[in-house]
1. How many residues, within the stretch 266-297, are closer than 15 Å to Thr209 by Cα and in contact with a His (Cβ under 8 Å, 6 or more places away or on another chain)?
2. Just give me the residues in the stretch 74-108 being out of contact with any helix residue (DSSP H, G or I) (no Cβ under 6 Å at 6 or more places or on another chain) and open to solvent by 10 Å² or more (accessible area, probe 1.4 Å), in sequence order.
3. In the stretch 171-179, is there at least one residue being outside any loop (DSSP other than H, G, I, E, B), at pLDDT 85 or above, closer than 30 Å to Leu39 by Cβ and not aliphatic (A, V, I, L, M)?
4. Is it the case that the stretch 272-281 has a residue that's buried (at least 19 other Cβ atoms within 10 Å of the Cβ), out of contact with any Lys or Arg (no Cβ under 7 Å at 6 or more places or on another chain) and assigned to a loop (DSSP other than H, G, I, E, B)?
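The values are calculated or read from the model by the stated rules, or taken from the named source; none is laboratory data. Note that the structure is predicted; figures quoted are calculated from it, not measured. Reconstructed Cβ throughout: ideal geometry from the backbone, glycine too, with neighbour counts over all protein chains shown. Side chains included, ligands, DNA and RNA excluded: accessible areas come from the protein's heavy atoms. Shrake-Rupley method; radii C 1.70, N 1.55, O 1.52, S 1.80 Å.
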Amino acid sequence: NGSILRPELFIGKYGVTTIFLLSGLSLKLSELTNAAANLKLNGLIQLMTFGAWPFLVGVPLTKGLELFAPSLLSKPLLEGLLILTCLPTTINMCIILTSASGGNVATSLCNTVISNMAGIFLTPALLLRFFGTTIELPFFELVSKLCNKVLLPVAVGQALRATPVKEFYTKHSSFFKRLQEVVLLGIVWNAFCNAFSKGLGLDLGNAITLFTILPLLHIGSLMTFFTFFKSKLMNVSPGEAVAAAFCSSHKTLAFGLPLIQTIFEGNPNLAAYCAPLMLIHPLQLVLGSLLVPYFKTYTEESQE
């Protein structure tokens with residue numbers, strides 16, 4: 001960020017806005033309302049995000065490492081892993097990967113909004129439960145940021161469906177699909193550049209351990225949630241199962257980093273608390289992109 005190409009603007013701001021604008025333009029209003037009305041699926045996705053992650057992943061993982069391999073990671077980094085599991089899902093990443101995989105974008109869009117709105121309350125509550133920290137957050141600032149970044153572009157896209165722009169989009173849909181993929185590559189590049197240019201304050205041993213644990217954690221959660229949501233017990237469409245898997249397995253940097261910095265401001269372990277999130281952010285994009293062909297094959301085969 002801050003270089004002559006200004007990726008924080010053209011990728012981080014305008015690129016992400018373009019993704020949500022195109023999502024709003026491509027979705028029928030009925031698809032959005034049907035996705036929002038699927039209370040069972042939406043509730044389960046949020047339960048995975050704020051229930052399964054901290055209590056079935058975060059606590060057992062950190063307690064297990066502390067008990068059986070205390071030399072692998074320092075105490076602050078273990079706490080950073082636990083903080084990571086308490087965060088909501090990503091704002092733009094889920095939608096981009098769901099779209100590229102042929103999943104249900106409406107489901108993904110609804111749950112990114114629900115998760116990040118709920119995270120304003122539930123993440124501090126979880127951190128209070130685990131760390132006993134009294135937390136005051138800029139509620140209206142967070143809501144405003146979410147509305148400007150997600151809801152406004154989607155609303156503009158929906159409004160454009162009533163204009164000749166809709167016909168132009170439909171006629172050139174393959175171009176806009178490719179545009180989303182290019183933006184995704186740009187976000188991956190920008191995320192990696194920022195993660196490594198800022199530095200994480202890790203020694204080599206801790207870095208290797210995190211680079212071993214985090215990919216396994218992400219792929220394991222993604223495939224576990226995918227297996228759960230595509231089961232006959234859930235009775236959801238293949239596209240919804242893909243969207244649910246992405247939404248349930250991701251953790252947000254855009255919401256999480258400011259939140260951690262606000263809550264633990266002045267804490268000497270702040271850098272360690274941020275490190276797992278800073279590392280998993282680009283990994284989610286890279287690993288998710290590598291798995292897109294697998295999910296795309298699944299959704300295409302189900303349509304035949």
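1. 2
2. Passing the criteria: Ser74, Lys75, Glu79.
3. No, that holds for no residue.
4. Of the residues in the stretch 272-281, the ones buried (at least 19 other Cβ atoms within 10 Å of the Cβ) are 272-281.
Adding the requirement that they be out of contact with any Lys or Arg (no Cβ under 7 Å at 6 or more places or on another chain) leaves 272-276, 278-279, 281.
Keeping just the survivors that are assigned to a loop (DSSP other than H, G, I, E, B) gives none.
No, that holds for no residue.
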